[in-house]
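The values are calculated or read from the model by the stated rules, or taken from the named source; none is laboratory data. Not measured: the values here are computed from a predicted model. A quick note on method: Cβ atoms are made from the backbone with ideal geometry, for glycine too, and the neighbour counts reach across all protein chains shown.
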Amino acid sequence: MNHPIHRVLRFEIVGPYTLRVWFEDGAEQTVDFAPVLGGELLGPLRDPALFRQVRLDPEAHTLVWPNGADFDPETLYNWPQYFEEFAARVKQWQLAPT
């Protein structure tokens, strides 16, 4: 199976939980993370100060946060394709008994 490997070149914070992401092939994607910020790993990113600490990992070529959260570059590249599934999972987590 042959599939493209996407690499994030740079990003810009454009809203409270929204980033514009540029890729190696010239494509760009605006990603609103707010609906998917839930669970143990991504939930803490609801803290605006932590969310703004996003960095570009020079080895993995993707976005990373100090708490260990990250997203596969392919997921970011094809965000519209994955968004609904991620948002549905977060809703399930929120409804699950603790």
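Listed values, structure above:
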| quantity | calculated |
| --- | --- |
| One residue from 56, 50 being over 12 Å from the mean Cα position of the chain (by Cα) and among the hydrophobic types (A, V, I, L, M, F, W, C) | 50 |
| Selected residue [in contact with a Leu (Cβ under 9 Å, 6 or more places away or on another chain), in a strand (DSSP E or B) and not hydroxyl-bearing (Ser, Thr, Tyr)] from 31, 90 | 31 |
| Hits in the stretch 60-79 - residues which are outside any strand (DSSP E or B) and over 17 Å from residue 4 (Cα atoms) | 65, 66, 67, 68, 69 |
| Test: residue 45 is in a helix (DSSP H, G or I), on the phi < 0 side of the Ramachandran plot, out of contact with any Cys (no Cβ under 6 Å at 6 or more places or on another chain) and buried (at least 17 other Cβ atoms within 10 Å of the Cβ) | yes |
| From the options 70, 47, residue that is in contact with a Ser or Thr (Cβ under 7 Å, 6 or more places away or on another chain) and modelled with pLDDT of 95 or more | 70 |
| Check on residue 18, under 17 Å from residue 5 (Cβ atoms), of a type in the set (S, T, N, Q) and in contact with an Asp or Glu (Cβ under 8 Å, 6 or more places away or on another chain) | no |
| Any pair with Cβ under 9 angstrom, 6 or more apart, that starts in the stretch 1-27 at a residue that is without any contact (Cβ under 8 Å) to a residue 24 or more places away in the chain and in a strand (DSSP E or B) and ends at one that is aliphatic (A, V, I, L, M) and loosely packed, with under 11 Cβ neighbours inside 10 Å | none |
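Here's the yes/no breakdown for (1) surrounded by 12 or more Cβ atoms within 10 Å (Cβ to Cβ); (2) acidic (Asp, Glu):
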position: 5; (1), (2): no, no
position: 10; (1), (2): no, no
position: 21; (1), (2): yes, no
position: 26; (1), (2): no, no
position: 38; (1), (2): yes, no
position: 59; (1), (2): no, yes
position: 78; (1), (2): yes, no
position: 90; (1), (2): yes, no
